Amino acid sequence: MKHRILGYLLTGLVACGMFGFSTMAFGGKWEEKAAIPKMGAISGGAWWLGAEAVNGKVYAFGGQDDLQPAGKLVHEYDPTRDVWTRLKKWQRGRFRLGSALIRGKIYAVGGTEDNFQAVPFLDEYDPKTDTWTPKADMPTPRMMTATAVVAGKIYVIGGAESFYFPSAAVEVYNPATDTWEKKADMPNPRWGAAAFAARGKIYVGGGAVDQTHHKYTDLTEEYDTKTDTWTKKGDMPVAYYDMGTRFVNSGKAYAIGGRTFKGNERDGRLADSWRYHWTVFEFDVEKGKWTRLKDQMPTARASLATAVLDGKIYAIGGHIGIAAITEVYTPNGWPFPKAFSVSPQDKLATIWGKIKHNH
């Protein structure tokens, strides 16, 4: 009898949200939000910009709108008011860059100022003071890199050297010492690939494999930061590049948008011989497998920026013409319990699993 009463109490507590999360799951939804303001030289929006979320806000920076100079503008998005606010200019503004977030600071990695020459620049942005600080240059100048954070360090993988030749370089930046360390080259050089980190490992999928913009791969590889080795994982559903990719605390990652040259009609909108994708692919870290979802992005586009805030993915700007659009994706299963968040040891907690087992 006592066990039965305790079981009822546990059920009631969970239903009431006593454990800090709701048991009601919903998701797979897209919502349109306030358009991102002018980021480049002429119009609203931008493509190949950077974005990160910190302290309840989303920050978008750099980017291009097909005219010089490369975007030097920085904007802050407040989701509670659905408002973008312009901040101070970024003097080393560029596009086709990578971005990362460590301890409340945003890092802009590599990129280009003229669309052809890759630069080695690394800049640190402090949202609290709205200031940029140049840091140690990356050893290998690159643009459109795969960038991910593991154990407080930024891993910059692949990308393109000047004039879009794929790079195999793997270099790691330590913000505590402002130094770079070279790692073993990646086995399959590419640029514009999907990339994210989970459990101390980095996953790189898809990407362009030559300088023509017309050849891509569906290959997915897992990089182990501890052993400096690569392992093949399940292929992506299509071969493509220029997508936005983020890992959320559900234990899954999402690749959104992207492009191919005269690609499959199923995957998106055709414009000027380019297929701009609206696809959403979900990667299950446990299974090492990608799945195509039905929740396609309302506005097909490539070269967009993405950021995760409160378990939702913000898809910002991008290329199909020049997109000024901000759309937010709520993955299936949201809201995710905090028990599923990645711990400092890069391991998924199992508190919720234990509760279900005991009950």
DSSP-loop GluC sites (Glu not before Pro) across the stretch 238-326, with at most 13 other Cβ within 10 angstrom: Glu286
Cross-link table Lys38/Lys89; Lys38/Lys312; Lys57/Lys294, entries beyond 18 Å C-alpha to C-alpha: Lys38/Lys312; Lys57/Lys294
Other-chain or far-sequence residues with amide H under 5 Å of Tyr216's (modelled H): Val209
Residues of type aspartates and glutamates that Lys29 reaches as a straight line, Cα spacing below 13 Å, ignoring anything fewer than 8 places off in the same chain: Asp295, Glu327
Whether the stretch 220-284 is rounded, prolate or oblate, judged on the alpha carbon gyration tensor where a/c under 1.5 counts as rounded: prolate
Share of carbon and sulfur in the accessible heavy-atom surface of the stretch 136-265 [1.4 Å probe, %]: 48
Flagged links, alpha-carbon separation over 31 Å, of Lys182/Lys233; Lys33/Lys215; Lys72/Lys153: Lys33/Lys215
Sites matching trypsin sites (Lys or Arg not before Pro) across the stretch 218-322 that sit in DSSP coil, with at most 15 neighbouring C-beta atoms within 10 Å: Lys226, Lys262, Lys287, Lys294
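The values are calculated or read from the model by the stated rules, or taken from the named source; none is laboratory data. As the structure is a prediction and not an experimental result, all values here were calculated from the model. Cβ atoms come from the backbone with ideal geometry, glycine included; neighbour counts cover every protein chain shown. To get the accessible areas, we keep the full protein, side chains included, count just its heavy atoms, and leave off ligands, DNA and RNA. Shrake-Rupley method; radii C 1.70, N 1.55, O 1.52, S 1.80 Å.
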